[in-house]
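The next block holds one structure in the form of structure tokens; read it before the comments.
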Amino acid sequence: MKKPLCLIVSCTLLSLAGFSQENTLTAKEKKQGWTLLFDGTSTNGFTTPGGKPVPAGWQVKDGSITAIKGGKGGDIITTGEYSDFELSVDYNIEPGCNSGVKYFFTKYEKGGNLGMEFQILDDALAEDNKLENHRVGSFYDVMPVTASDKKINPPGQWNTIRIVSKKGKVEHWLNGKKILSFTRGDAAFSAAVAKSKFSKAEPAFGTVEKGHILLQEHGGQVSFRNIKILSLK
């Protein structure tokens, strides 16, 4: 009887050890200056765009923060604002889900609350999958993914996105592969914005100096974890 019990205890400890590695920073990341935006146990550091507490439609469980399907939790944003940064986020969606991570989210003089969006989508089943610049990894409604191949884990599995913004240059990464790069404010960027739904924003969409990080709730169930950021100088 002792051996099976020991095996159970060992497996449990290994499971807990694996779980504890989520939403933590390595010694190297701490030295580099990374900051956790989600502690894995609470909604500390997030509010609604209007500055109110995170609604009940968002649930923190098993080390992830989840927008519950039909929960009407709305979007949530970080309390802090960021300019040059490297952001890393894990996400997991249900089939057919539409979501996103926005950055440089702020209130524009004309256009309301806006942010540049790394689109999260079930490319196969989501309704909004017809346009290339609406599919996963795109700069939503502005620029499509430029990589010829994207490595996407299916709904129900975790994917990791990375957004790097430094001195106007922006990169979108998905599961370790760079899938899009552009320069904010240059001719190609301005032309793409002019064709988008954000063309009438003032100042010009995507040219603000800083903004919040936003987790989007779009009706479907989406979970996030390991949300961390490094300010770049």
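How high is the relative contact order of the stretch 49-107, in percent, counting Cα pairs under 8 Å that sit 6 or more residues apart?
25
Provide the packing ranking of 73-79, 147-153, 165-171, i.e. peptides ordered by the mean count of other C-beta atoms within 10 Å per residue, highest first.
In decreasing order of mean packing, 73-79, 147-153, 165-171 become 73-79, 165-171, 147-153.
Cross-link candidates for LYS69: which aspartates and glutamates have Cα within less than 18 Å, leaving aside residues fewer than 8 places away along the same chain?
GLU94, ASP122, GLU127, ASP128, GLU217
When ranked by the protection proxy of mean other Cβ atoms within 10 Å per residue, highest first, what sequence do the peptides 188-196, 138-146, 24-32 form?
138-146, 188-196, 24-32
In terms of the Cα gyration tensor, with a ≥ b ≥ c the square roots of its eigenvalues, is the stretch 112-181 rounded because a/c is under 1.5, prolate because a/b exceeds b/c, or oblate?
Since a/c reaches 1.5 but b/c is at least a/b, the shape of the stretch 112-181 is classed as oblate.
Given the -39500 (n - 2.57) contribution per DSSP H run of 4+ residues, what per-residue ellipticity at 222 nm results for the chain, rounded to the nearest 500 deg cm²/dmol?
My calculation for the chain gives -4500 deg cm²/dmol from helical runs alone.
Would you mind getting the accessible area per residue of the chain, heavy atoms of the protein chains only, 1.4 Å probe, in Å²?
Per-residue accessible area for the chain comes out at 52 Å².
So, counting K/R as plus one and D/E as minus one, what does the shell of residues with Cβ under 12 Å around LYS228 add up to?
-2
Counting Lys and Arg as +1 and Asp and Glu as -1, each charge on the Cβ, what is the dipole of the chain about the Cα centre in debye, to the nearest 20?
Using only the charged Cβ atoms, the result is roughly 540 debye.
Hey, for a label at ASP149 modelled as a point 7 Å past Cα toward Cβ, could you say which residues of the stretch 166-186 have their backbone N under 12 Å away?
none
Can you compute the charge dipole magnitude of the stretch 102-233 about its Cα centre, using +1 on each Lys and Arg Cβ and -1 on each Asp and Glu Cβ, nothing else charged? Give it in debye, rounded to the nearest 20.
The dipole magnitude comes to about 580 debye.
Hey, what did the chain get for relative contact order, percent, Cα under 8 Å, at least 6 apart?
Computed over the chain, the figure is 30 percent.
What size of dipole, in debye to the nearest 20, comes out for the stretch 120-190 about its Cα centre when the only charges are +1 on Lys and Arg C-beta atoms and -1 on Asp and Glu C-beta atoms?
The calculation lands at about 480 debye.
Once you keep just the Cα pairs under 8 angstrom separated by 6 or more residues, what percentage relative contact order results for the stretch 80-216?
33
Straight-line reach from LYS200: which lysines fall under 26 Å, measuring Cα to Cα and dropping same-chain residues less than 8 apart?
Partners found: LYS102, LYS107, LYS110, LYS130, LYS166, LYS167, LYS169, LYS210.
Summing Lys, Arg as +1 and Asp, Glu as -1, what charge do residues with Cβ under 13 Å from the Cβ of GLN32 carry, GLN32 excluded?
Neighbourhood net charge equals +3.
May I ask you to rank LEU215, LEU230, LEU36, LEU125 by accessible area, largest first, using a 1.4 Å probe over the protein chains only?
From most accessible down to least: LEU125, LEU36, LEU230, LEU215.
Using a ≥ b ≥ c from the Cα gyration tensor of the stretch 13-117 (square roots of the eigenvalues), is it rounded, prolate or oblate, where a/c under 1.5 gives rounded and otherwise the larger of a/b and b/c decides, a/b for prolate?
Verdict is oblate for the stretch 13-117.
If I ignore ligands, DNA and RNA and count only protein heavy atoms, how much of TRP58 is accessible to a 1.4 Å probe, in Å² to the nearest 10?
10
Under 14 Å from the Cβ of ALA188, count the other residues' Cβ atoms, weight Lys and Arg +1, Asp and Glu -1, and hand me the total.
+2
The values are calculated or read from the model by the stated rules, or taken from the named source; none is laboratory data. Computed from a predicted model, the values in this text were never measured in an experiment. Here Cβ is always computed from backbone atoms with ideal geometry, including for glycine, and neighbour counts include all displayed protein chains. For accessibility, only protein heavy atoms count, side chains too; no ligands or nucleic acids. Shrake-Rupley method; radii C 1.70, N 1.55, O 1.52, S 1.80 Å.
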